[in-house]
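Engineer: Can you read through this structure? Questions will come right after.
The values are calculated or read from the model by the stated rules, or taken from the named source; none is laboratory data. As the structure is a prediction and not an experimental result, all values here were calculated from the model. Backbone-built Cβ (ideal geometry, glycine too); neighbour counts: all protein chains shown.
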Number of protein chains: 4
Amino acid sequence: MRAVTAVIDPVTPGQDSRTMKALVYSGPGQRAWQPAPRPVIREPGDAIVRITTSTICGTDLHILKGDVPSVTPGRILGHEGIGVIESVGAQVSAFKPGDRVLISCVSACGICDFCRKGMFSHCRTGGWILGNTIDGTQAEYVRTPHANTSLYHLPAEIDDETAVMLSDILPTALECGVLNGQVKPGDIVAIVGAGPIGLAALLTAQFFSPAAILMVDVDDNRLQVAKQFGATTLINSTDGTAVARIMALTEGAGVDVAIEAVGIPATFDICQSILAAGGHLANIGVHGKPVTLHLEKLWDRNIAITTRLVDTVVIPMLLKLVKSGQLQPAKLVTHRFALADIMKAYDTFGNAAAERALKVILTA
Amino acid sequence: MRAVTAVIDPVTPGQDSRTMKALVYSGPGQRAWQPAPRPVIREPGDAIVRITTSTICGTDLHILKGDVPSVTPGRILGHEGIGVIESVGAQVSAFKPGDRVLISCVSACGICDFCRKGMFSHCRTGGWILGNTIDGTQAEYVRTPHANTSLYHLPAEIDDETAVMLSDILPTALECGVLNGQVKPGDIVAIVGAGPIGLAALLTAQFFSPAAILMVDVDDNRLQVAKQFGATTLINSTDGTAVARIMALTEGAGVDVAIEAVGIPATFDICQSILAAGGHLANIGVHGKPVTLHLEKLWDRNIAITTRLVDTVVIPMLLKLVKSGQLQPAKLVTHRFALADIMKAYDTFGNAAAERALKVILTA
Amino acid sequence: MRAVTAVIDPVTPGQDSRTMKALVYSGPGQRAWQPAPRPVIREPGDAIVRITTSTICGTDLHILKGDVPSVTPGRILGHEGIGVIESVGAQVSAFKPGDRVLISCVSACGICDFCRKGMFSHCRTGGWILGNTIDGTQAEYVRTPHANTSLYHLPAEIDDETAVMLSDILPTALECGVLNGQVKPGDIVAIVGAGPIGLAALLTAQFFSPAAILMVDVDDNRLQVAKQFGATTLINSTDGTAVARIMALTEGAGVDVAIEAVGIPATFDICQSILAAGGHLANIGVHGKPVTLHLEKLWDRNIAITTRLVDTVVIPMLLKLVKSGQLQPAKLVTHRFALADIMKAYDTFGNAAAERALKVILTA
Amino acid sequence: MRAVTAVIDPVTPGQDSRTMKALVYSGPGQRAWQPAPRPVIREPGDAIVRITTSTICGTDLHILKGDVPSVTPGRILGHEGIGVIESVGAQVSAFKPGDRVLISCVSACGICDFCRKGMFSHCRTGGWILGNTIDGTQAEYVRTPHANTSLYHLPAEIDDETAVMLSDILPTALECGVLNGQVKPGDIVAIVGAGPIGLAALLTAQFFSPAAILMVDVDDNRLQVAKQFGATTLINSTDGTAVARIMALTEGAGVDVAIEAVGIPATFDICQSILAAGGHLANIGVHGKPVTLHLEKLWDRNIAITTRLVDTVVIPMLLKLVKSGQLQPAKLVTHRFALADIMKAYDTFGNAAAERALKVILTA
């Protein structure tokens, strides 16, 4: 895990005696909407944001399974959110109290070598810290470090529900999947995994006018959603013939871009097996295990495989596309809850297949 | 293997009753310098070239072990060569008898979809066919298909020994290693494998002024050669501490570019273990087995892994650099033989470590 | 003009005594649909194509004004066409009589240094020669040099009218305007000139999802067409306030990409005056005069200005996009004539504003 | 000029009653080394730097001619410098008093839209302000706004004289000339202008191994320096035959990259006249007048013309190359003075041809 010691300062005593409610993780399987101290400015680059809208990410479910060791008991979860600035530290020049903001899932100092390269994901004092190594956005208030370069002004015409999709899921799909995959007009693209992130890749891949988008999943409901979102071909991979069918559909050539949107060896394997000579395999999935890479078949195939933790550098681009009407992120929203009902929202999101849930909106 | 049926036409009877001598493969472990029919024009795009200089590639040793099933007994080996045009087919407009030419290891029709993209390696009727699915260059004469786009005019000031390094080894090192790795000024580059191809990567990486080139091998002799060729740090990986030492040298950051120049799981593993966030792993090695890719560590590291069969599209660039004196490919030559002594040359090249052999020159 | 002597061989006597009808240029202002010898194979790379559909380009009008000195009296005009192969020379391996083909406006040998770089426009024995230095496609038959790399197979599902838009106008708009301009999602693009080429740029710019496309012209009819084709803002520049209005619309920032689609100093001047810092000016227009470049204002603006003669390397991409339904090139067609009525078609096309003509189709 | 009102705050009273000496501009032709108030922190992002080394730029001479209207009487000149941090404002987290730093000629907030794109030159509250709209570095002390993202830590092994060449001249040459020109291995590069900036382009172009670098100037002394720095061909353009000679040298093809390093119509004209089809013209020169762009010759030549105010984003890369020994910037230094003798230094630098001056070093 990247060092975040400069940001975490547990010894600063709470200057704010007021409490709030927040979704607190207390170890594997344990979460509760419970009182917590209201956050306070600790570093001069901090802002305190009153959350108006948040959501739940698949990563939050991983945390609850105990799969993310950097998250320790007592942590407030959540790394996506929209809100209003309450107060700012002495270094915050780009925002003032009352500003309506989008919170990036990735905090960026804007100064370190990685930030200067646009690799905010690897910021030496930031990266993915919200709801991970510091308290997050599934709360009434959140402290956001490096506010100048981690928050975004929101124009009035973009509603909260739309905007919160730009905290993580859409930048992740676009950067890790579509841009890394170098989707171009006329391409054949396969997206393996029709969950929220795969569907977000489907929406953003269309910015570049591929000729075909093949959607691969084991869940027919999700595939039907994919069809409505613009997929040209649906492949249910349950029976193990997905690779064969894709190769047949492409007359043996394979696909120009394969986007891995699940994070397990089986789906990575589909991706590497359907890649055309010269193709790109863009990994989005969070992998917990190694995979077998068939270099004995791929060494002479002129392919590229990429990985990426989202940098959220495309948030300004996405805001423009929302304003112009080219992107309707709220399509991904299937369920809406009051923030205070977040426990129910987790139940629904955690049972996504049966509930036909994609993204759930939490409104404060 | 890519279909090459349009090129192979075994039924055409020899119109030339003369014989020549050639290095013929007769099954695993079996090679001989023996009489063979002189090649004749079979397709209108063919040229017949009288070989003046050839060399032996590591791939030829793989073939002799029986590891390359597309090579069948009776095949004349060799895919590198310099020579003089003897005759040309009706479609050959760019060359005429008497022209001195460089033979690319990859044959390209120049017409198919892959050739139009510059992916000559995957030409639908070409690619690596010489010394593989058709007879090759370790002979007094060779038939070269698609001559217009597979041969290169050689200026008088470039000698044979220099030029033959541009048939395969230097384009491979530059395209698959250096260009795919995106080496840029100031980078830290690690090259794993100091054999001929790794050393060629070392020579060509310097076109882009990296700050450091770390050379990794198990053979101290080869590492010393690397030092003379411009490596800034030598790492003997015999004791299994190469990864730890490289991470220490880079203060835990890892390298910007790791070039895999061996082709076995152990060296690939070094490469994936030393990659900086945002780094590139450029594979050159010919792999016979799958590797384990540690996506559980790499999924969030913003890396790219590339593979490539050489396209030889950089031959014109390399010719310019040889003419201007920026590149001295003959540095790679350690031994010289008459072509008629190719059996001895194979003995030497096959015992490279003891013989301290890099590239061996065969002169007709 | 690029040397084309290798292709022109006036001494070859006509082996075909039959005549055909063709649109012959006889000097400024003089054109006639008249008998001409049927073309014959002169070089082994040639094909003879029976034209089924052709069209007229703005360049043809320039020629008729006498503005293109490389076109000499007696020349058959036309560089766009669809047809059926009648016969092929000895070097033509990719096509055979009876094949239905798209004729690129640019002939490419596929062998020379420029062709190897994908710069077919500057092919040393090709480039724009059809209807220029050799006879063209506004005829019942045409000889196409370098057929292997200058013709394209047409799938049955693409009709002639659609396909002929891919000979020149759509590749030109996409390559010179959209790709050179590096249009990307969220961009503000201005296209100066709403004639056929500007409208083609408008259609192809949408492959990359710009947030806004501002269309600038002096003709309200054309601007209305632009609106139907996807322009987001229409600017009639007649009153000289176009620059001021565009700067106001962009809050003083200017546009990300300005595409010059006319070819006169006034329109180039609009483009250079509306460029944002970091912007791209992509010139499509054929210029007959120098322009004044305001480097005293632009030297510190981090801009790029590009020019290009179309290479038609995107024809395969465009064919995919037509097949997938992303592109409907026939939108550009406003008038249809029999090829034998080409004299009337020229009248209509030459009076485009009054006739509201964009592209006219000529069907044999 | 970009708005810099947020940075300039003339009403803040001096909290520091001490004075220093500085080079003050008092109108065209008027400069003096005179007492001035020591600068103080005005904005929380500021640092005060004690200058240890500075230098004079050609732009300073332009200012003294009265050619830069944004520079008003009373201004301390200078935008290059090395020094030691005296004090920092509340927002400065990356530097502390005592740190030895390199001052970029361009100030960057790191927050605005341009900074996020790496276009520091167009920072909305920065850009080139030092020695322009705020006091500069030709003084004993300087206030540097946006210190976090405008200063660079200097390792002990890089001396001041070397480092100060990285404030402006080397980043300008590399970014505006070499990177914008896309110099690549084997290219033929022409640099028009062998003054300090042209010579810096010559040094940095070699990072990419061009086959030939043609240096064009009217001063034989400077051309001889260019030869020592690696130029392969020297062209004295005094007699007006430079274009003809370069075209002859390139066998009529022209150069791949032309770098304009003067800033007048005549030198721009040489550049546009020698460009190969597909070539790049990278402008570095500061132009005071428009130029005539021959689009009637260039519209079909597939060229790119770029302009750029330096962003100094390559400073980290250059620091690596200095440390590794690939770059010896001190080669550009011809004269050395005490900072207190800056009046003499200006005399020398202002008479560069006769004095054979390139860069002059000022040491405090």
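Engineer: Name every residue in the stretch D:14-42 that is under 26 Å from the mean Cα position of the chain (by Cα) and of a type in the set (D, E, K, R), in order of residue number.
Structural biologist: D:Lys21, D:Arg31, D:Arg38
Engineer: With (1) at the interface with another protein chain (Cβ under 10 Å from one of its Cβ atoms); (2) modelled with pLDDT of 95 or more as the list, and C:Ala90 as the residue in question, which single condition is left unmet?
Structural biologist: If we test C:Ala90 against (1) at the interface with another protein chain (Cβ under 10 Å from one of its Cβ atoms); (2) modelled with pLDDT of 95 or more, just (2) comes out false.
Engineer: Let me ask something additional. Tell me yes or no: at least one residue of the stretch A:265-279 is at the interface with chain B (Cβ under 9 Å from one of its Cβ atoms), modelled with pLDDT of 95 or more, within 22 Å of A:Leu199 (Cβ to Cβ) and surrounded by 24 or more Cβ atoms within 10 Å (Cβ to Cβ).
Structural biologist: Checking the stretch A:265-279: at least one residue is at the interface with chain B (Cβ under 9 Å from one of its Cβ atoms), modelled with pLDDT of 95 or more, within 22 Å of A:Leu199 (Cβ to Cβ) and surrounded by 24 or more Cβ atoms within 10 Å (Cβ to Cβ).
Engineer: Being basic (Lys, Arg), within 14 Å of chain C (Cβ to nearest Cβ), over 17 Å from the mean Cα position of the chain (by Cα) and assigned to a helix (DSSP H, G or I): is that true of A:Lys320 here?
Structural biologist: The answer is yes for A:Lys320.
Engineer: Does A:Ile259 satisfy the criteria of being touching a residue at least 60 places away in the same chain (Cβ under 8 Å) and either over 30 Å from C:Leu174 (Cα atoms) or not in a helix (DSSP H, G or I) (or both)?
Structural biologist: When the stated conditions are applied, A:Ile259 passes them.
Engineer: Another question, if that's okay. Select from the stretch B:122-144 the residues that are under 11 Å from B:Ile51 (Cβ atoms) and polar (S, T, N, Q) and list them in ascending order.
Structural biologist: Within the stretch B:122-144, B:Thr137, B:Gln138, B:Thr144 qualify.
Engineer: Look at the stretch D:202-224 and say how many of its residues are crowded, with 24+ Cβ neighbours inside 10 Å and more than 14 Å from chain B (Cβ to nearest Cβ).
Structural biologist: 4
Engineer: Within the bounds of the stretch B:262-282, is there any residue that is of a type in the set (D, E, K, R) and touching an Asp or Glu at 6+ places or on another chain (Cβ under 9 Å)?
Structural biologist: Checking the stretch B:262-282: not a single residue is of a type in the set (D, E, K, R) and touching an Asp or Glu at 6+ places or on another chain (Cβ under 9 Å).
Engineer: All but one of (1) surrounded by fewer than 19 Cβ atoms within 10 Å (Cβ to Cβ); (2) at pLDDT below 95 hold for A:Val84, so report the exception by its number.
Structural biologist: Result: A:Val84 passes all but (2).
Engineer: Based on this model, can you work out whether B:Gly350 counts as more than 7 Å from every other protein chain (Cβ to nearest Cβ), farther than 26 Å from B:Ala22 by Cα and out of contact with any strand residue (DSSP E or B) (no Cβ under 9 Å at 6 or more places or on another chain)?
Structural biologist: no
Engineer: Also, I was wondering about something else. Determine whether C:Val49 is of a type in the set (Val, Ile, Thr) and either within 14 Å of chain B (Cβ to nearest Cβ) or over 18 Å from C:Arg143 (Cα atoms) (or both).
Structural biologist: no
Engineer: Only one of D:Val183, D:Val243, D:Val262, D:Val218 is within 17 Å of D:Ala304 (Cβ to Cβ) and out of contact with any Cys (no Cβ under 9 Å at 6 or more places or on another chain); which?
Structural biologist: None of the others qualify; the one that does is D:Val183.
Engineer: State which residue is nearest to the other protein chains (Cβ to nearest Cβ) when the search covers only the stretch D:305-316 and only residues that are touching a residue at least 40 places away in the same chain (Cβ under 8 Å) and among the hydrophobic types (A, V, I, L, M, F, W, C).
Structural biologist: The selected residue is D:Leu309.
Engineer: State yes or no: is B:Leu179 within 30 Å of D:Ala205 (Cβ to Cβ) and either touching a helix residue (DSSP H, G or I) at 6+ places or on another chain (Cβ under 6 Å) or at pLDDT below 95 (or both)?
Structural biologist: So B:Leu179 fails the test.
Engineer: Just to confirm my filter: which helices (runs of 4 or more DSSP H) fall fully inside the stretch D:96-193 and include at least 1 residues that are surrounded by fewer than 24 Cβ atoms within 10 Å (Cβ to Cβ) and within 14 Å of chain B (Cβ to nearest Cβ)?
Structural biologist: none
Engineer: State whether the residues of the stretch C:329-352 include one that is assigned to a loop (DSSP other than H, G, I, E, B), in contact with a Ser or Thr (Cβ under 8 Å, 6 or more places away or on another chain) and buried (at least 16 other Cβ atoms within 10 Å of the Cβ).
Structural biologist: No, the stretch C:329-352 contains no residue that is assigned to a loop (DSSP other than H, G, I, E, B), in contact with a Ser or Thr (Cβ under 8 Å, 6 or more places away or on another chain) and buried (at least 16 other Cβ atoms within 10 Å of the Cβ).
Engineer: Could you please give the count of residues in the stretch A:282-295 that are under 15 Å from A:Ala190 (Cα atoms), among the hydrophobic types (A, V, I, L, M, F, W, C) and at the interface with chain B (Cβ under 9 Å from one of its Cβ atoms)?
Structural biologist: 1
Engineer: Could you tell me whether D:Ala357 is of a type in the set (Gly, Ala, Ser), touching a helix residue (DSSP H, G or I) at 6+ places or on another chain (Cβ under 7 Å), part of a helix (DSSP H, G or I) and closer than 21 Å to D:Ala194 by Cβ?
Structural biologist: For D:Ala357, the condition - of a type in the set (Gly, Ala, Ser), touching a helix residue (DSSP H, G or I) at 6+ places or on another chain (Cβ under 7 Å), part of a helix (DSSP H, G or I) and closer than 21 Å to D:Ala194 by Cβ - is not met.
Engineer: When the stretch D:60-87 is examined, which residues are found to be in contact with a Pro (Cβ under 7 Å, 6 or more places away or on another chain) and assigned to a strand (DSSP E or B)?
Structural biologist: The answer is D:Ile85, D:Glu86, D:Ser87.
Engineer: Among the candidates A:Pro185, A:Pro155, single out the residue that is closer than 25 Å to A:Thr53 by Cβ and over 19 Å from the mean Cα position of the chain (by Cα).
Structural biologist: A:Pro155
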